[in-house]
1. Round to a whole number: what % of the accessible area of the chain belongs to carbon and sulfur, probe 1.4 Å?
2. Evaluate the relative contact order of the chain (contact order divided by residue number), counting alpha-carbon pairs under 8 angstrom at least 6 apart; express in whole percent.
3. Starting with the highest mean, order 624-633, 412-421 by the number of other Cβ atoms within 10 Å, averaged over the residues of each peptide.
4. For region 97-182, place one equal point scatterer on every Cα, skip the solvent, and apply the Debye formula. What is log10 of I(q)/I(0) at q = 0.13 Å⁻¹?
5. So what's the angle, to the nearest 10 degrees on a 0 to 90 scale, between helix 237-252 and the longest Cα principal axis of the chain?
6. Once you keep just the Cα pairs under 8 angstrom separated by 6 or more residues, what percentage relative contact order results for region 288-467?
7. Let me know the volume per residue of the alpha-carbon convex hull for the chain, in Å³.
8. Given labels modelled 7 Å from the Cα in the Cβ direction, how far is it in nm from K455 to D148?
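The values are calculated or read from the model by the stated rules, or taken from the named source; none is laboratory data. Bear in mind the structure is a predicted one, so any value in this text is a computation, not a measurement. When we count neighbours, we look across all protein chains shown, and the Cβ atoms used for this are built from the backbone with ideal geometry, even at glycine. Keep in mind that these areas ignore ligands, DNA and RNA; they rest on the heavy atoms of the full protein, side chains included. Shrake-Rupley method; radii C 1.70, N 1.55, O 1.52, S 1.80 Å.
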Amino acid sequence: MIETHRHGPVLSIQIANPPVNALSEAVRRGIHQAIEAAQKDDGVSAILIHGGGRMFCAGADITEFGKPLAEPGLSTVIDAIEASAKPVVAAIHGSALGGGLEVALGAHYRIATASAKLGLPEVALGLLPGAGGTQRLPRLIGVSAALDMIVSGTPISGSKAQELGLIDRIVAEDDLLEEAVAFAATLKEPRTTGERTVAFEADEFDRFVEHNGRKINGLDAPRACIEAVRAATTLPLAAGQERERALFHELMDGAQSRALRHAFFAERTAAKIDDLPKDVALRPVGKVGVIGAGTMGGGISMNFLSAGIPVTIVEMAQEALDRGTGLIRQNYEATAAKGRMTNAQVEAAMALLTPTLDFDALADCDLVIEAVYENMDVKKEIFARLDGIARPGAILASNTSYLSIDEIAQATTRPQDVLGLHFFSPANIMKLVEVVRGAQTAPDVLATGMSVARKIGKVPVVSGVCFGFIGNRILDPRLEGAMDMLLEGATPEQIDRVSVAFGMPMGPLQMIDLAGVDIGWHRDPTRIESLRDALNAVGRWGQKAGGGFYDYDGKRRPSPSPAANAIIDEYRSRAGITPRAISDKEIMVRTMHVMVNEGAKILSEGIAQRASDIDIVWIYGYGWPRHTGGPMFWAQQTGLSHVVSALERHADRLGDDFSLSPRLVEAARNGLTLDGKQAG
Ligand code: T1G
């Protein structure tokens, strides 16, 4: 787990715990023993700590969390590093994250490569740096820079770290070890960080909280991070570490950290396909074709262009093609205007785009993604045509968000090469891709779909074929419940407020306004058979029309709409419905618990591989608050029997086609998880 070597008077300690050099018990013990031994070895004048493989160290071993701590704890190891009578140098390449960076903070000197990533991402796990990071970092770089790093969890580069005074010297990656040994050999004295005091201005904390309030509101870890850094300004190191440790354990035992750690592993587990060997040979994807240059086709194309993969984008008419490619350029230029891309990168991405009206231009693409509107006949016609043009072995994907991949595949002579790649709008921003596996989708096609999605920076989740796959199928009962309660007497803002208070970015009615009230509308204003028809009939098509369930100002901010509420009232009275008061609790059950029930059905049908995949779909596809772990994890924490009894209590309101998922009922009754395992 660690390897020591002598380079003359310099002892190097290499962390060798692939794949990420996590600070497991064996690694901690190894470092501690090596440091202690070096104190007694007169032949050693200085010590060097570095990482084997692709990084310095990714931090504490998260798989050990929740288990009894095996000594030596990480703080003990780091304190021993700092107390070393012989100077200790940390040589950093790749990532130095969490406890990994804290090890480097315990060292007396730090050198790194320019591209190294130094960060304290514990906040993303609902924790705080628990091994001295909140005490040593502000002593090195000051309060504001330390708060930025610790509360955001965002890593900085080696170069930035040098600017801040965190790194003493930047060296080329190839020379790191040699330079570090040479540097260590020149050192005579240790230089301890813990003895420093923190320079700061009185209002630095208030300014930080004021500037970041919205982002950290309702989250336990950021608040605790700020408290821990504050302790560094008033307490000596040891006392500050005590405060940090107390705050760390509070967080570790809290619901939010449990949920965030669940989400961390769930995202990685989602990449695994249970019935597929890990090493399936992937098909090459060097060139991509996109059919349709609308909002989705353009967004999908950007994902590949930004990853350096050429895209041929096909439209039926020049005007639509020009509009689509113009929107792509516009999006890139907007990103460049915010400083997140250079103009050269914009041009490089655009140079990889080949717009054309010629369908045959798709003949040499390795992957073709159809992104035209949701009509099965149109899609089948396109796939039949594609079947005669695409090269043998090309992967043919549909971006459909509801329709059957099996039916689409049957329009070709190569159903084994067909799958769904369901992107979420805006496709160049949202990270979720549902990789929809048809009955005949070949294993290597599925594995390639997952790999390509990750390559373009997405979070892929495998879904089976059903109406709406995983995400939208669960969304449907949520929207249905919301519409029913509107009819029964609730207002849009009352329904949405329950979701937003829970942590969703928006409520179901705001979501309908965003997507378009007129989606699926028959477009006959005289035919009014639903509330949505009533709104559509007067042009209240949602945000894009300046009003739907809400009114919108120029900045797309929703406000309660007297006009919409009058239409709802009138529709109710015409339908002979007497409005009734509806409690927030009932709104919760009929917009949130119904989602859990649908998720349980999806698991029973094998549409989702595991409950945590459903969590990832909703966290990344719809903004489910990550600090509650996703709908299925949240239900498990809430108590499945509570979910079942709440649904049973409102069964008379859930519509004739509602049924309780047998899997949910059985899991609640027998103390099982929704994956059918014994609940922990
Ligand atoms: N502990 C245990 N396993 C880890 C791990 C960790 N810290 N980080 C990654 N893994 C596993 C991961 O589950 C996957 O396993 C494999 O390694 C490859 O990971 C006291 C308390 C470093 C940027 O939050 O951000 O220190 O699926 O696919 O894409 O203050 O891993 O192969 O079985 O993500 O190249 C703080 C978490 C810990 C960093 C590399 N550290 N890791 O990304 O590989 S808390 C973190 C990452 C802490 C101290 C506190 C990324 C990465 P499997 P991967 P990658």
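1. 54
2. Computed value for the chain: 9 percent relative contact order.
3. So the peptides 624-633, 412-421, ranked by packing, come out 624-633, 412-421.
4. -0.38
5. 30
6. In percent, rounded to a whole number, it is 21.
7. 176
8. Placing both labels 7 Å along Cα→Cβ, they lie 3.5 nm apart.
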